[in-house]
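K.L.:
Dropping a structure here in structure tokens format, bear with me for questions.
The values are calculated or read from the model by the stated rules, or taken from the named source; none is laboratory data. It should be emphasised that the depicted structure is a prediction, and the values quoted were computed from it without experimental measurement. Backbone-built Cβ (ideal geometry, glycine too); neighbour counts: all protein chains shown.
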Amino acid sequence: MKKIRLFAIIYIFFVFSLNCFGQESNKYVLIYEDFEKISEIQELIENSNTKILEKYGVSLKDLDLLENLEFERFFIGYQVRIIDEIKLLEMKYDRSRIENFLIANNLSFSVIKRDMKAYIFFPDVSMPQLDEVEQGQLDSQLEMLKLISSLNHNINIKYEYPNRSEFEEILKTAAGKESLDFVLIVIQKENPDLWKINFPVSKRVFKNESLDFHDFLIDEIISISTKSREIIRNKFILEIPFRDSDMVENLLGFLASRNEVISFSFKSLNSKYIELEYETYLSKTEAEKMLSEFRWQE
């Protein structure tokens, strides 16, 4: 029985090592779009530069100085994926060629996942007073935005709905900070056919005939959260306690789903632990923090 379990663990490990399923893989950078945009697939491919650079946390300030930036030449293919019951268009790009391009052009990048709060304030109407159609539209947008921002931009969004006094306090806080870990959006219905979308911090204002602010909000989040940093590629050895196949499978799945982990490979195995080596953009401290998010007892 122990031998069967041992071989099962080895098999599971190699399945994950070869495929590295998740938001990233050894071979691909994956960019996601709303499935409804599938009719615009050629345009989405041609305009992939910004999405890919945002995914890597690259500053967009000096891009005009770069030659031959068209990442569409690294495009591999696309397919339809269903993630969290949402149908998405998944586009694949050659990861290694993109990262070699960034390094060759001295562009600092990072794929560390960031947390971001989105404060959504309705000055004229409380959340329960939105009609059924508007509430459904709002919920759908926020769900889609949370998923795509996580997949495309490595940003985990948490939503909060401040009242007026809380809104004013948040605005004061924003005025005294150079860097923010939140965005503030004010949504107001000017008349039955027009919504006003206001970002008080950046002072950008948009008007829409429907409660549709997905693109505006993600652009605001990216403009605040995109940061450059020194390129880091480290290799670390990880000893996985040899407990049971489910536990090992869960940890390998965890590593494979993390954008920060470039690749991992099998090193050795004995009756006490499996030893593997993983390559990451993280420092030792950051890597330990990432691993602390995995719970063995689960």
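K.L.:
Just one of (1) over 26 Å from the mean Cα position of the chain (by Cα); (2) closer than 17 Å to P123 by Cα; (3) surrounded by fewer than 14 Cβ atoms within 10 Å (Cβ to Cβ) trips up A175, so point out which.
P.N.:
All conditions pass for A175, except number (2).
K.L.:
Determine, yes or no, whether N198 is polar (S, T, N, Q) and at pLDDT below 75. Reasoning before the result, please.
P.N.:
Details: polar (S, T, N, Q): yes; at pLDDT below 75: no.
For N198, the condition - polar (S, T, N, Q) and at pLDDT below 75 - is not met.
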